[in-house]
Amino acid sequence: MSDRRRTDDAFHVATEVDIRTGRVADAYFGRGAQVLRDEGKNPQVVAEIRTSSLPRDWPWAVVAGLDEVLALLSGRDVDAAAMGEGSLFFAEEPVLTITGPYLEFGELETALLGLLCQASGIATAAARAKLAADGRPVYSFGARRMHPAIAPMIERAAFVGGCDGVATIAAADLLGIQPIGTMAHAVVVILGEERAWRGFDRVMDKKVPRVALVDTFQDERTAAVAAARILGEHLAAVRLDTPASRRGDLGAILREVRWELDLRGFTEVRLFVSGGIDERAIVELNPFADAYGVGTAISNAPVIDFAMDVVEVDGQPRSKRGKLSGRKLVWVCPECGNRGISLWTKRAEHCPRCGHRVRSLLERWVSQGRVKAHPSPRTIRERTLARLQGMPDPFERT
């Protein structure tokens, strides 16, 4: 495969070769490498990836994208230590430290940052949506808002951040799970509601939950009751994807639907809500909604503004202005939860708060280009959710 892109490629996406060979790097990295080679300099450096602030006043964020970072560093003469995927981190904490000859990885900075920045933003938005839902399922529905080439990455990041499922087939295959989906409005428009509901029930595998769209033509509560009468015990849920122009007070609509279903004995039919849902809407709709499909609020999450900085050159602490030089340890106390940053050469051993022995949050993942086995997305998701349990409620609910 050529490492140079053709001008007639149908889709404007980089190939794996483009990424690995630095063709998606900012040009000045390659120019800088030329200068270093001409000067005969390839020093041993320590570079850290960290952010000085988090978007939208987020108090914490979730690390994601590490699996692709490890793949990019594989086979290169470097060592790398990082917070594991699904870890919660705070501003100023290095989430990844790379040690090795600068020319082994310097031209990969653009790609390394891109892999972490976007995936971590998506995972954080998913984690916040899951916290907002207070135990209710949250599904990633946002692939249609982004370039299709990165749909698997988006939905993987959403899943490891806490989403219970994803919508696209490719992402579900990547994760080893079944994709989540109901029926398209187009089918209802073409067939009409009753015929579409009955057809879905007749054709779909029995493992696929019967979820009827009830917002296409008529009042949601009327359509919900009609779907429940037509499908009976087969109906698992009704989905409200009510357009904004018809929505009004969505909480009030859900309340009416729930009331009318319960009044007629359809108490087991769940209410699935999608369409413009974000974390604040979830908090407001929890009294009546049973599950959420969240799209743009997750897939178009703000990126984490990571930067990669050299902090040590040939064993000597050195950095640009505004950065703290020297390799660092990010530690946590397993006893009281206190955490902090200390110089690697004067690393903290005991918690200043309670005296308990601390542990490093940076785990060795790459040793001279050999990559340690990475956990499955399902395992990462479980760890993410476990870590979220110890965090304060970001929505200030009592």
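The values are calculated or read from the model by the stated rules, or taken from the named source; none is laboratory data. The structure displayed is predicted, hence computed values, not measured ones. So basically every Cβ, Gly included, is an ideal-geometry build from the backbone, and we count neighbours across all protein chains shown.
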Among the listed residues Arg128, Arg145, which satisfies the condition of being over 30 Å from Leu343 (Cβ atoms) and out of contact with any Phe, Trp or Tyr (no Cβ under 9 Å at 6 or more places or on another chain)? Arg145
Selection within region 204-228 - in a helix (DSSP H, G or I) and either basic (Lys, Arg) or over 33 Å from the mean Cα position of the chain (by Cα) (or both): Arg221, Thr222, Ala223, Val225, Ala226, Ala227, Ala228
Among Arg318, Arg347, Arg353, Arg357, which is the only one that is under 28 Å from Asp57 (Cα atoms), of a type in the set (Lys, Arg) and not assigned by TED's automatic domain parsing to the domain that holds Ser274? Arg353
Kindly indicate whether Glu335 is modelled with pLDDT under 95, assigned by TED's automatic domain parsing to the domain that holds Val45 and out of contact with any Lys or Arg (no Cβ under 8 Å at 6 or more places or on another chain). yes
Just to be sure, is Thr242 among the hydroxyl-bearing types (Ser, Thr, Tyr) and either under 35 Å from the mean Cα position of the chain (by Cα) or at pLDDT below 95 (or both)? yes
Listed by first then second residue, the pairs whose first member lies in region 374-394 and is under 19 Å from Ile154 (Cα atoms), whose partner is surrounded by 15 or more Cβ atoms within 10 Å (Cβ to Cβ) and of a type in the set (D, E, K, R), with beta carbons under 7 Å and at least 6 positions apart or on separate chains, are His374/Asp67; Pro377/Arg156; Ile380/Glu85
Confirm whether Gly293 is modelled with pLDDT of 95 or more, assigned to a loop (DSSP other than H, G, I, E, B) and not charged (D, E, K, R). no
The listed residue being within 25 Å of Gln389 (Cβ to Cβ), in contact (Cβ under 8 Å) with a residue 24 or more places away in the chain and more than 11 Å from the chain's Cα centre (by Cα), out of Val160, Val95: Val95
Any residue at all in region 268-277 that's within 30 Å of Val95 (Cα to Cα) and surrounded by fewer than 16 Cβ atoms within 10 Å (Cβ to Cβ)? no
Does Val214 count as surrounded by 15 or more Cβ atoms within 10 Å (Cβ to Cβ) and in contact with a helix residue (DSSP H, G or I) (Cβ under 7 Å, 6 or more places away or on another chain)? yes
Residue satisfying all of: in region 15-60; of a type in the set (Val, Ile, Thr) and in contact with a strand residue (DSSP E or B) (Cβ under 8 Å, 6 or more places away or on another chain); farthest from Ile304 (Cα to Cα) among these: Val45
Pairing a residue in region 7-36 that is free of Cβ contacts under 8 Å to residues at least 40 places away in the same chain with any residue that is β-branched (Val, Ile, Thr) and outside any helix (DSSP H, G or I), where Cβ atoms lie under 8 Å and the two sit 6 or more apart in sequence or on different chains, gives Ala14/Val24; Asp18/Val24
Without any contact (Cβ under 8 Å) to a residue 12 or more places away in the chain, surrounded by 15 or more Cβ atoms within 10 Å (Cβ to Cβ) and over 26 Å from the mean Cα position of the chain (by Cα): which single residue out of Leu191, Leu235, Leu231 fits that description? Leu191
Hey, among the residues in region 9-47 that are among the aliphatic types (A, V, I, L, M) and part of a loop (DSSP other than H, G, I, E, B), which one's farthest from Ile98 (Cα to Cα)? Ala10
Within region 53-64, track down each residue that is in a loop (DSSP other than H, G, I, E, B) and of a type outside the set (Phe, Trp, Tyr). Ser53, Leu54, Pro59, Val63, Ala64
Given the condition in a loop (DSSP other than H, G, I, E, B) and either assigned by TED's automatic domain parsing to the domain that holds Thr97 or farther than 22 Å from Glu68 by Cα (or both), answer yes or no: does some residue in region 376-386 qualify? yes
Would you say Val46 is buried (at least 18 other Cβ atoms within 10 Å of the Cβ), touching a Ser or Thr at 6+ places or on another chain (Cβ under 8 Å), of a type outside the set (S, T, N, Q) and over 19 Å from Gly114 (Cα atoms)? yes
In this structure, is Ser53 within 30 Å of Ala132 (Cβ to Cβ), among the hydroxyl-bearing types (Ser, Thr, Tyr) and in the same structural domain as Arg370 (by TED's automatic domain parsing)? yes
How many of the residues making up region 298-343 are touching a Gly at 6+ places or on another chain (Cβ under 7 Å), assigned to a strand (DSSP E or B) and either crowded, with 20+ Cβ neighbours inside 10 Å or aliphatic (A, V, I, L, M) (or both)? 4
